[in-house]
Amino acid sequence: MQRRLILKAGLAGLALAGSGGLGAATQDCGSSLREDPNPLEGELEKYPRCAHCGMDRRKFHYSRALVRYQGNLVEGTCSIHCLAVSLVKNLGKEAQALHIADYGSPAEPRPLTEATRASFIVGGDFPRVMSKRPKTAFADPELARQAQADKGGELVSYDQALLAAYTDLAEALKTRRERRREQQSGS
């Protein structure tokens, strides 16, 4: 399965980045998986904060994500970055539904769309959430092409956007490790 290959690539990237572990890149708020048979109903009220970094999902409504694992276990995140962290932390659980905010919608809050069917723009002049490089989802591929023409970036699939999230996470871990090393040697 494509997702497993991407997760393995992401884990390999994390290993290369250093021994900071996922906790070094996120502020773990404990186990945040909750049983919820209807996760899309009132999701911002039920999942107001990102399960991994604690950010306000309503404030970041344009980038938020929601994942439902086997057994109706659900987690809300602020971005595809924190969604990637969730997928790694819950590697043994099958993700049955992945939703992400449709940046192309004018509604506020932006509605969620099925992430695996969305078109993404990696890079470009879009808001960044949790990483240096934005990863912006669009339910409508034509709106994504128009946005790319206007703001730049690379038009990619969900799998490619997830791989970019893992790559950026590995880079962030590497940077943190190097900063720690510099601080320790400067003391």
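Here are some notes:
- Backbone N within the stretch 93-112 under 15 Å of label point (7 Å from K46 Cα along the Cβ vector): 96-100, 112
- The stretch 145-155 - phi-based ³J(HN,Hα) in whole Hz, Karplus 6.51/-1.76/1.60, Gly and Pro as x: 5, 5, 5, 5, 4, 7, 10, x, x, 10, 7
- 24 Å Cα-Cα reach of K151 towards lysines, excluding residues that sit fewer than 8 places from it in its own chain: K59, K132, K135
- Simple spin-label estimate for Q184 and E108 in nanometres, 7 Å along Cα-Cβ: 4.6 nm
- Positive-pole candidate from L162, S105, L143, dipole of the stretch 98-187, charges at beta carbon: L162
Quick note: the coordinates plus some simple rules give every number you see, no bench work behind them. Keep in mind that what you see is a predicted model, and the values were worked out from it rather than measured. Because the Cβ atoms are built from the backbone with ideal geometry, glycine has one as well, and the counts that use them run over all protein chains shown.
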